[in-house]
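Read through the structure below, which is laid out as structure tokens, and then see the notes.
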Amino acid sequence: AVWNADQIIGNLLPGVKFFKISAKFGDGLEALRAALTDLNGSRDIPDDGGIITQMRHKLALEKALANLTAAGEILGAGHSPELAAFELTEALDALDEITGRKIQDDVLAKIFSTFCIGK
């Protein structure tokens with residue numbers, strides 16, 4: 001018997017929906033996008049690629065937003081800019097956790113437990 005790749009995948013993983021996509025040509029991306037939005041329960045996924053895939057990133061962004069809001073309130077109330085600077089520094093620290101400029105110990109532990117590094 002001669003099978004093509006679609007038949008092989010279909011027989012190996014019966015009942016599992018799979019998508020043929022081409023990152024180079026963009027083929028199949030709309031079907032994949034539709035399936036992902038169905039899983040998400042929402043069709044409101046932005047076209048600009050603004051999807052958060054890690055809970056750690058979501059929490060860091062929420063913390064940064066809270067700090068930025070606090071800084072704005074401090075300045076709006078006429079308080080010392082030094083108080084706002086503290087909140088801005090905290091916001092930057094939260095964003096640095098996403099960009100990798102600041103790495104928490106739990107993130108390092110997860111990396112070393114998940115990946116074989118230096119062996």
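The values are calculated or read from the model by the stated rules, or taken from the named source; none is laboratory data. Please read all numbers here as calculations on a predicted model, not as lab measurements.
Side notes on the structure shown:
- Only one entry of GLY26, GLY78, GLY72 meets the criterion of being in the same structural domain as GLU97 (by TED's automatic domain parsing), modelled with pLDDT of 75 or more and part of a loop (DSSP other than H, G, I, E, B), and that entry is GLY78.
- Residues of the stretch 47-69 that turn out to be under 30 Å from ARG33 (Cα atoms) and either at pLDDT 90 or above or in a helix (DSSP H, G or I) (or both), as a count: 11
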